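Here's the structure, in structure tokens; my notes come after.
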Amino acid sequence: MESDLSIGVIGEFNSEFPPHPATKASIEHSAAALGARVETRWLDTASLEDCDAAELAGFDALWCAPGSPYRSLDGAVRAIQLGREAGLPFLGTCGGFQHAVIEYARNVLGFEDAQHAEYDPYASDLFVSRLSCSLAGKTMGVRLTRGSGAARFYGKEEVVERYYCDFGLNPDHQRRLNDSGLRVVGTDLDGEARILELPDRRFYVATLFVPQLNSSAEHPHPLITAFLRAATQGADPESQSEIAAGGSDPSGG
């Protein structure tokens, strides 16, 4: 029996790392709520370093999972770039949030040396830095921007979510990222970025928290359900052509 949807999950699956089994389960929760069948395929980041757009053409959406450092930062960034340029629905959680930042900084803002402190703490241009206080294992409030996609998906402007991370968007670059189009639409009580989105896309959301840990069969997570719903709509014909032909939109617009 063929699946209605095929979701590519960027990262190396580890059954001992709780967010990974939770990722698969949360997809199943939301798929059941939508009456869809889903095939989930994990994508080893080392195998993505030299991938082209055609290799992602079979996926309806991409999710960049927690669990960094990945085997290859460049592989993860490459897949995120190709998915963004082709208009695929995208969800990045925890490490996925962090690598979405690096991808956008390098390929849209032009910071070719944008780096992640977990891989190179002494890099000259850290777009992802160590948090002043680890969020691993914490549950905290997030304020959502009124009118944002995230607020619409949740149906509210304040939520509580669980974290699994020690790194986040470098506050020195937060305004630059927001003003360039990757909007900061969710913050903690101190105003630091917790949710990013590209508002002109069907679905492009990155969360520093791990929503899959708050999903259950009885209560699928609204962000994950919205992600799968966007995937069911299919990319527009132009985007589908870009996937097959390897075209790109470096502006991200």
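Each value in this text was obtained by applying a stated rule to the coordinates, not by laboratory testing. Here the structure is a predicted model, which means the values were calculated and not measured. With ideal geometry, Cβ positions are generated from the backbone for all residues, glycine too; neighbour counts draw on all protein chains shown.
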query = Using the per-residue mean of other Cβ atoms lying within 10 Å as a proxy for protection, in what order, highest first, do the peptides 198-204, 137-143 fall?
reply = 198-204, 137-143
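Would you calculate, for the chain, the mean residue ellipticity at 222 nm contributed by helices, counting each DSSP H stretch of 4 or more residues as -39,500 (n - 2.57) and dividing by all residues, to the nearest 500? Don't skip to the end; give the middle numbers.
Values: 7 runs with 77 residues, N = 253.
After summing the helix terms and dividing by the residues of the chain, the value is -9000 deg cm²/dmol.
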request  = Can you check what the Kirkwood hydrodynamic radius comes to for the range 5-245, Cα pairs only, in Å to one decimal?
outcome  = 17.5
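If you average the sequence gap of Cα pairs under 8 Å that are 6 or more apart and divide by the length of the chain, what percent do you get for the contact order?
24
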task = Note the per residue figure in Å³ for the convex hull of the C-alpha positions in the range 1-131.
result = 116
